[in-house]
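Chemist: Sharing a structure, written as structure tokens. Questions coming.
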């Protein structure tokens, strides 16, 4: 039996991801900096989850803090898992 890939991980430009819907109301700046330092030292350990948006970009499903930390580091892209359905539904 051949294995199937449900969600491929791809590099997506940060500018193509809408995070407004997935952002927490309050984010502690020191925690964000700590996460950015961890990503800078160890790399991104888990891809963020996104879905295709109606406007051709992507909506964040999970990982908004990782996206903000990547942006803080000046990264242009992030590893993302493009989901066909939101796990929240």
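Chemist: Among 66, 29, 81, what is the fewest-to-most ranking by other Cβ atoms within 10 Å?
Modeler: Fewest-to-most Cβ neighbours within 10 Å comes out as 29, 81, 66.
Chemist: Restricting the calculation to Cα positions, tell me the Rg (one decimal) and the Dmax (whole number) of the range 9-82 in Å.
Modeler: Final numbers for Rg and Dmax: 11.6, 35 Å.
Chemist: As a test, work out the antiparallel percent of DSSP beta bridges whose residues both lie in the range 9-82, rounded to the nearest 5.
Modeler: Antiparallel: roughly 65 percent of the beta bridges in the range 9-82.
Chemist: Please order 10, 48 by the number of other Cβ within 10 Å, starting at the fewest.
Modeler: The order, fewest Cβ neighbours first, is 10, 48.
Read-outs throughout are calculated quantities, based only on the coordinates presented, and are distinct from any laboratory measurement. Small disclaimer: the values here were computed from a predicted structure and weren't measured. Heads up, the Cβs are rebuilt from the backbone with ideal geometry, glycines too, and the neighbour counts pull from every protein chain shown.
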